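Only one structure is covered here, and it is reproduced in the block below.
Rule-based calculations on the coordinates, nothing more; no lab input. Source: prediction; values computed, not measured. Here the Cβ positions follow ideal geometry from the backbone for every residue, glycine too, while neighbour counts run over all protein chains shown.
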């Protein structure tokens, strides 16, 4: 049995700032609470995984705050970038003992694959280097042919019995935050490689279990503001735990820090409109901040 704790969408900001134009929670406070709840009195966790949006705006000063916090997790911790993350400053900040960005890991009979679901947020520059686009944050979720082929190569080259894929964007998500492109790509991978037992993701700041090609997609809540898409209220910060069985079974539980520090309240109409696909991200930020950026 392999035990993993997943964090996602930490959106670390610099001191005195909150994520999402001030709409989000104080992620430093939330991290302290999650660190204590997930690791303080528990033992047996083999690995922690952070599935993207490590920093709120992808800046070096935000990553300095993020890695200072995440390096305190008392088990090896691996990260995959999200659409709020920029590759160079993130990779420059991360390398330190116990904290990394491995692309694959072999854990017992399992192959963990860490996929980049933000292919359309990157492009080749004049020198042929793959670089982040300035509008990376708004790019549709996609693996792209190169990433899809790489995942297949890793699975085919491994003698692991089971595969689990970690990424930022969740396939199988309906509505405005879903991606038909990502759904097709992941479905094709599962059909060709039945050893894929499931997918873990974040991005939508919610506690959800979706499905793609008859495989579960586990979605982790954020450390900043999270959402209940049925009641249209906020949710408290949280995380997920997993138990991976040698037989290929997966048992996952979502943990929400449901206390007075993070009350549940009705979402502003602009946020509801955004999630329903009626208001673009930039327009949402303008409404929430009064045009202050």
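If a/c stays under 1.5 just call it rounded; otherwise compare a/b with b/c (prolate if a/b is bigger, oblate if not). Do that for the stretch 108-218, with a ≥ b ≥ c from the square roots of the Cα gyration tensor eigenvalues. Taking the square roots of the gyration eigenvalues as a ≥ b ≥ c, the stretch 108-218 is oblate.
Report the FRET efficiency, 1/(1 + (r/R0)^6), for residue 29 and residue 152, where r is their Cβ-Cβ distance and R0 is 35 Å, rounded to 0.05. Intermediate values should be presented prior to the final figure.
Values: r = 42 Å, r/R0 = 1.19.
Using R0 = 35 Å, I get an efficiency of 0.25.
R0 = 30 Å: FRET efficiency of residue 194 with residue 266, Cβ-based, nearest 0.05? Present the calculation step by step, with values, prior to reporting the outcome.
Values: r = 43 Å, r/R0 = 1.44.
Efficiency, from the Cβ-Cβ distance: 0.10.
Remark: the residue 249-residue 68 segment gains 61.8 nm on full extension, using 0.36 nm per residue and subtracting the alpha carbon distance.
Taking every Cα-Cα distance in the stretch 15-67 and sorting them into 5 Å bins starting at zero, the pair-distance distribution P(r) comes out as 4, 15, 25, 26, 16, 9, 5, 0 percent.
Tally the DSSP beta bridges in the chain and give the antiparallel ones as a percent, rounded to 5. If we restrict to bridges inside the chain, about 55 percent are antiparallel. Each Cα pair under 8 Å and six or more residues apart adds its sequence gap; the mean of these over the residue count of the stretch 151-293 is a relative contact order of 17 percent.
What's the extension gain from residue 92 to residue 230 if we count 0.36 nm per residue and subtract their Cα-Cα distance?
Gain on extension, residue 92 to residue 230, equals 45.7 nm.
Per DSSP helix of 4 or more residues, -39500 (n - 2.57); summed, then divided by the residues of the chain. What does that give at 222 nm, rounded to the nearest 500? Before the final figure, lay out the partial values.
Numbers: 7 runs with 70 residues, N = 293.
Result for the chain: -7000 deg cm²/dmol, rounded to the nearest 500.
Within the stretch 1-144, antiparallel bridges make up roughly 40 percent of the DSSP beta bridges whose residues both belong there.
Where the centroid of each part is defined by its Cα atoms, how far is the stretch 243-284 from the stretch 204-242 in Å? First find each Cα centre; the distance between them is then 4 Å.
Compute the length gained on full extension between residue 106 and residue 75: take 0.36 nm times their separation in residues and subtract their Cα-Cα distance, giving the result in nm to one decimal. Please report the intermediate quantities before stating the final value.
Details: separation 31, 0.36 × 31 = 11.16 nm, distance 1.60 nm.
Difference between extended and current length: 9.6 nm.
Distance distribution P(r), the chain, all Cα-Cα pairs, bin width 5 angstrom from 0: 1, 5, 12, 17, 20, 18, 14, 8, 3, 1, 0 percent. Please report, to one decimal in angstroms, the Kirkwood hydrodynamic radius of the stretch 177-263 built from all distinct Cα-Cα pairs. The answer is 14.2 Å.
Under 1.5 on a/c is rounded, so check that first for the stretch 135-287, then, if it is not, pick prolate when a/b is larger than b/c and oblate when it is not; a ≥ b ≥ c are the square roots of the alpha carbon gyration tensor eigenvalues.
Oblate.
Note down the relative contact order for the chain as a percent, whole number, built from C-alpha pairs under 8 angstrom at least six residues apart. Intermediate values should be presented prior to the final figure.
Details: 653 pairs, mean separation 55.2, N = 293.
Answer for the chain is 19 percent.
Would you mind classifying the stretch 1-128 by shape? Square roots of the alpha carbon gyration tensor eigenvalues, ordered a ≥ b ≥ c; an a/c under 1.5 is rounded, otherwise it is prolate if a/b is larger than b/c and oblate if not.
oblate
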